[in-house]
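Structure, as structure tokens:
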Amino acid sequence: MAANRKIWVAAMVCAATVVGVTGCSKGDENKAKSDKKEPVASASASTPPPPVDPFKGLDADTIADRALTATKGATSFRMVGDGEADGEQLKLDLALDDKGACIGKMGLKDATADLLRADKVMYMKANAKFWQVTAGEGASAEEGNAMAEVLKGRWMKMSGKNAGELADVCDLKSQRKEMDKDRGKRTGMTRGADTEVDGKAAVTLTKKQSNGDTFTMYVAKEGEPFVLKTVETGSDGPGTLVLSEYNKPVKATAPPADQVMDLAKFGG
């Protein structure tokens, strides 16, 4: 399972963060004819004032820093990723908070797994394909099938070092540290045209990496300057990661004991 965990963790580090961007919608102009002799005053009264740019006068790197600070300060968020790592296509959908709760799922081709972290304990319930391909280095197909049968419909309990990098992926504090490690991508950025995503106004920040890849970040213009989305193109871990549901409670409850298999009973 180590190799597969590495793939998913790598995806979390280098996938792009997708931002929901929404620009201000334009109101319909009132073109009704009027017999009154004050058409100019009437038209100006119906025209809304231009939206205020909260980042006016700031360079792109400063906006990126503010976005990073706001995102790290959130008590919770949901991240939905779709990317590539080590040549493998993967999907990830997790909601996590600063109290250690986490719930969601990940997928690698036809191998899928539900993830749950409650009371500082990591649980995972996967389909047969997942256990067949992650039985461990050197494991035979028969061993993989046997593991899939034993764990069918059950949650695998992983505590301590047995949880490995999966615990980090499902931990908000670890994700904050990864944001700091990735700071180099957010220097030397250029501000592009504002855009709209999911009804939220957003600033577009882009940087061309030294290896030719492109990193784009979308930052909310309304409310807190959260990162709503990042997109990375090129050969080195291309993908997107959407961040949403900021500061919303994450309800994670440990599964019933009769539906749990302790990884320690497998000898790790």
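Before moving on, here are some points about what is shown:
- Residues that are open to solvent by less than 10 Å² (accessible area, probe 1.4 Å) and not in a strand (DSSP E or B) were ranked within region 69-98; the one that is farthest from Pro249 (Cα to Cα) is Thr71.
- Enumeration of residues in region 232-260 that are over 11 Å from the mean Cα position of the chain (by Cα) and assigned to a strand (DSSP E or B): Glu232, Thr233, Val260
- Taking the criterion of being of a type outside the set (Ser, Thr, Tyr) and surrounded by fewer than 21 Cβ atoms within 10 Å (Cβ to Cβ), the residues of region 56-67 that qualify are Lys56, Gly57, Leu58, Asp59, Asp61, Asp65, Arg66.
- Candidate set from region 142-174 (those that are assigned to a helix (DSSP H, G or I) and open to solvent by 70 Å² or more (accessible area, probe 1.4 Å)); member that is farthest from Thr75 (Cα to Cα): Glu142
The values are calculated or read from the model by the stated rules, or taken from the named source; none is laboratory data. Please read these numbers as outputs of a predicted model, since none were measured by experiment. Virtual Cβ from ideal backbone geometry, glycine too; neighbours counted across all protein chains shown. In case anyone asks, the SASA skips ligands and DNA or RNA and just uses the protein heavy atoms, side chains included. Shrake-Rupley method; radii C 1.70, N 1.55, O 1.52, S 1.80 Å.
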